[in-house]
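Heads up: the structure comes next, in C-alpha coordinates.
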Amino acid sequence: MRSVYRTYTRQFALAMLGYMVCLLISVTVLRTFDEALWRYPVALLPVLPIAYGVWAYARLLSRIDELQQRIHLSGLAFAVGVTGLLTLALGLLEVAGLPSVSMIAVFPMLTTFWGIGLALATRSHDIAFVEYPKVCYTTQYEYIHGASICGADRRLREDITAMGSGGTT
(Lines give C-alpha, C1' and ligand atoms only; values in the text may rest on other atoms or scores of the structure.)
Protein backbone atom coordinates (compact mmCIF):
# COMPACT_ATOMS: atom_id res chain seq x y z
CA MET A 1 0.00 0.00 0.00
CA ARG A 2 2.89 2.31 0.73
CA SER A 3 4.02 2.16 -2.93
CA VAL A 4 0.55 3.31 -4.05
CA TYR A 5 0.89 6.46 -1.96
CA ARG A 6 4.48 6.92 -3.07
CA THR A 7 3.39 6.77 -6.72
CA TYR A 8 0.55 9.22 -6.06
CA THR A 9 2.87 11.63 -4.24
CA ARG A 10 5.29 11.55 -7.15
CA GLN A 11 2.51 12.13 -9.70
CA PHE A 12 0.94 14.89 -7.62
CA ALA A 13 4.28 16.65 -7.14
CA LEU A 14 4.85 16.49 -10.90
CA ALA A 15 1.38 17.95 -11.46
CA MET A 16 2.05 20.83 -9.05
CA LEU A 17 5.42 21.55 -10.61
CA GLY A 18 3.77 21.56 -14.04
CA TYR A 19 1.07 23.87 -12.70
CA MET A 20 3.60 26.37 -11.39
CA VAL A 21 5.52 26.36 -14.68
CA CYS A 22 2.36 26.67 -16.79
CA LEU A 23 0.99 29.42 -14.56
CA LEU A 24 4.23 31.39 -14.83
CA ILE A 25 4.25 31.01 -18.62
CA SER A 26 0.57 31.85 -18.89
CA VAL A 27 0.74 35.00 -16.75
CA THR A 28 3.90 36.22 -18.51
CA VAL A 29 2.46 35.69 -21.99
CA LEU A 30 -0.91 37.23 -21.08
CA ARG A 31 0.74 40.37 -19.68
CA THR A 32 2.93 40.70 -22.76
CA PHE A 33 0.29 40.04 -25.43
CA ASP A 34 -2.94 41.40 -24.01
CA GLU A 35 -4.70 41.85 -27.37
CA ALA A 36 -3.84 38.53 -29.02
CA LEU A 37 -6.68 36.22 -29.98
CA TRP A 38 -4.89 33.13 -28.67
CA ARG A 39 -4.76 34.49 -25.11
CA TYR A 40 -7.74 32.36 -24.08
CA PRO A 41 -6.08 29.00 -24.77
CA VAL A 42 -2.91 30.32 -23.08
CA ALA A 43 -4.96 31.33 -20.03
CA LEU A 44 -6.24 27.74 -19.79
CA LEU A 45 -2.75 26.21 -19.99
CA PRO A 46 -2.45 25.70 -16.18
CA VAL A 47 -5.59 23.54 -16.24
CA LEU A 48 -3.69 20.70 -17.97
CA PRO A 49 -1.38 19.79 -15.07
CA ILE A 50 -4.27 20.16 -12.61
CA ALA A 51 -6.24 17.68 -14.73
CA TYR A 52 -3.26 15.33 -14.46
CA GLY A 53 -3.31 15.74 -10.68
CA VAL A 54 -7.05 14.94 -10.59
CA TRP A 55 -6.38 11.84 -12.71
CA ALA A 56 -3.62 10.78 -10.31
CA TYR A 57 -6.02 11.17 -7.37
CA ALA A 58 -8.72 9.12 -9.13
CA ARG A 59 -6.11 6.45 -9.82
CA LEU A 60 -5.09 6.46 -6.15
CA LEU A 61 -8.72 5.97 -5.10
CA SER A 62 -9.02 2.94 -7.34
CA ARG A 63 -5.92 1.32 -5.82
CA ILE A 64 -6.51 1.69 -2.09
CA ASP A 65 -8.61 -0.53 0.16
CA GLU A 66 -12.25 0.06 1.09
CA LEU A 67 -11.55 1.68 4.46
CA GLN A 68 -9.21 4.23 2.93
CA GLN A 69 -11.72 4.84 0.12
CA ARG A 70 -14.38 5.52 2.75
CA ILE A 71 -12.07 7.93 4.55
CA HIS A 72 -11.35 9.79 1.31
CA LEU A 73 -15.07 9.89 0.50
CA SER A 74 -15.78 11.37 3.94
CA GLY A 75 -13.09 14.00 3.36
CA LEU A 76 -14.50 14.86 -0.05
CA ALA A 77 -18.07 15.01 1.30
CA PHE A 78 -16.92 17.44 4.00
CA ALA A 79 -15.12 19.56 1.39
CA VAL A 80 -18.05 19.69 -1.02
CA GLY A 81 -20.50 20.51 1.76
CA VAL A 82 -18.45 23.29 3.35
CA THR A 83 -17.41 24.76 -0.01
CA GLY A 84 -21.00 24.68 -1.24
CA LEU A 85 -22.29 26.42 1.88
CA LEU A 86 -19.51 29.01 1.82
CA THR A 87 -19.92 29.86 -1.87
CA LEU A 88 -23.71 30.05 -1.43
CA ALA A 89 -23.24 32.45 1.48
CA LEU A 90 -20.74 34.53 -0.49
CA GLY A 91 -23.14 34.64 -3.46
CA LEU A 92 -26.00 35.84 -1.28
CA LEU A 93 -23.76 38.45 0.33
CA GLU A 94 -22.77 39.57 -3.17
CA VAL A 95 -26.45 40.15 -3.97
CA ALA A 96 -26.64 42.25 -0.80
CA GLY A 97 -23.79 44.44 -2.02
CA LEU A 98 -20.58 42.74 -0.92
CA PRO A 99 -17.87 42.76 -3.62
CA SER A 100 -17.78 39.52 -5.61
CA VAL A 101 -15.22 36.79 -4.97
CA SER A 102 -13.39 35.45 -7.99
CA MET A 103 -14.30 31.96 -9.19
CA ILE A 104 -10.62 31.07 -9.12
CA ALA A 105 -10.90 30.89 -5.31
CA VAL A 106 -13.36 27.97 -5.37
CA PHE A 107 -10.93 25.17 -6.30
CA PRO A 108 -8.27 26.11 -3.72
CA MET A 109 -11.09 26.42 -1.18
CA LEU A 110 -12.34 22.95 -2.11
CA THR A 111 -8.89 21.38 -1.86
CA THR A 112 -8.21 23.08 1.49
CA PHE A 113 -11.46 21.79 2.95
CA TRP A 114 -10.74 18.36 1.45
CA GLY A 115 -7.47 18.28 3.40
CA ILE A 116 -9.25 19.30 6.59
CA GLY A 117 -12.02 16.76 5.96
CA LEU A 118 -9.48 14.02 5.27
CA ALA A 119 -7.68 14.79 8.52
CA LEU A 120 -10.97 14.72 10.45
CA ALA A 121 -12.09 11.48 8.80
CA THR A 122 -8.72 9.87 9.45
CA ARG A 123 -8.87 10.93 13.07
CA SER A 124 -12.43 9.65 13.48
CA HIS A 125 -11.32 6.23 12.24
CA ASP A 126 -8.36 6.42 14.64
CA ILE A 127 -5.82 5.38 12.01
CA ALA A 128 -2.95 6.91 10.15
CA PHE A 129 -1.97 6.40 6.52
CA VAL A 130 1.18 4.54 7.40
CA GLU A 131 1.94 0.86 7.54
CA TYR A 132 3.22 -0.66 10.71
CA PRO A 133 6.79 -1.86 10.49
CA LYS A 134 7.23 -5.63 10.26
CA VAL A 135 9.04 -5.72 13.63
CA CYS A 136 5.71 -5.14 15.37
CA TYR A 137 4.28 -8.44 14.14
CA THR A 138 4.75 -11.04 16.84
CA THR A 139 2.42 -13.85 15.74
CA GLN A 140 1.40 -15.43 12.46
CA TYR A 141 -2.19 -14.27 13.05
CA GLU A 142 -1.11 -10.64 13.36
CA TYR A 143 1.02 -10.86 10.24
CA ILE A 144 -1.72 -12.45 8.13
CA HIS A 145 -4.47 -10.10 9.30
CA GLY A 146 -2.38 -6.93 9.34
CA ALA A 147 -2.97 -6.27 13.01
CA SER A 148 -0.34 -4.76 15.20
CA ILE A 149 -0.30 -4.79 18.96
CA CYS A 150 2.91 -2.91 19.60
CA GLY A 151 2.64 -1.58 23.10
CA ALA A 152 -0.59 -3.48 23.86
CA ASP A 153 -1.01 -5.10 27.23
CA ARG A 154 0.11 -8.66 27.87
CA ARG A 155 -3.41 -10.16 28.07
CA LEU A 156 -4.37 -8.86 24.63
CA ARG A 157 -1.14 -10.26 23.22
CA GLU A 158 -1.93 -13.66 24.74
CA ASP A 159 -5.48 -13.61 23.33
CA ILE A 160 -4.27 -12.84 19.82
CA THR A 161 -1.56 -15.50 20.08
CA ALA A 162 -4.17 -18.05 21.13
CA MET A 163 -6.41 -17.08 18.21
CA GLY A 164 -3.53 -17.53 15.80
CA SER A 165 -2.68 -20.98 17.12
CA GLY A 166 -6.28 -22.15 17.28
CA GLY A 167 -6.22 -22.60 21.07
CA THR A 168 -7.96 -20.79 23.86
CA THR A 169 -6.61 -19.02 26.90
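The values are calculated or read from the model by the stated rules, or taken from the named source; none is laboratory data. Computed from a predicted structure; not experimentally measured. These accessible areas exclude ligands, DNA and RNA; they are computed on the full protein's heavy atoms, side chains included. Shrake-Rupley method; radii C 1.70, N 1.55, O 1.52, S 1.80 Å.
Contact order normalised by length for region 9-48, with contacts defined as Cα pairs under 8 Å and 6 or more residues apart; what percent is it? All intermediate terms of the calculation are to be shown ahead of the outcome.
Numbers: 20 pairs, mean separation 19.1, N = 40.
Contact order relative to length: 48 percent.
For region 64-129, take N as its residue count and report Rg(C-alpha) divided by 2.2 N^0.38 Å.
Working: Rg = 14.7 Å, N = 66, 2.2 N^0.38 = 10.8 Å.
Compared with the compact-globule rule of thumb, region 64-129 sits at 1.36.
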Counting only protein heavy atoms and leaving out ligands, DNA and RNA, the solvent-accessible surface of Thr122 at a 1.4 Å probe, in Å² to the nearest 10, equals 20
Rounded to whole Hz, the Karplus (6.51, -1.76, 1.60) HN-Hα couplings of region 11-24, x for glycine and proline: 5, 5, 4, 5, 5, 5, 5, x, 4, 4, 5, 5, 5, 4
Decide, for region 26-66, between rounded, prolate and oblate: order the square roots of the alpha carbon gyration tensor eigenvalues as a ≥ b ≥ c, take rounded if a/c falls under 1.5, and otherwise choose prolate if a/b is larger than b/c, else oblate. prolate
Scattering from the C-alpha atoms of region 1-97 alone, worked out with Debye: what is log10 I(q)/I(0) at q = 0.18, 0.19 1/Å? -0.96, -0.97
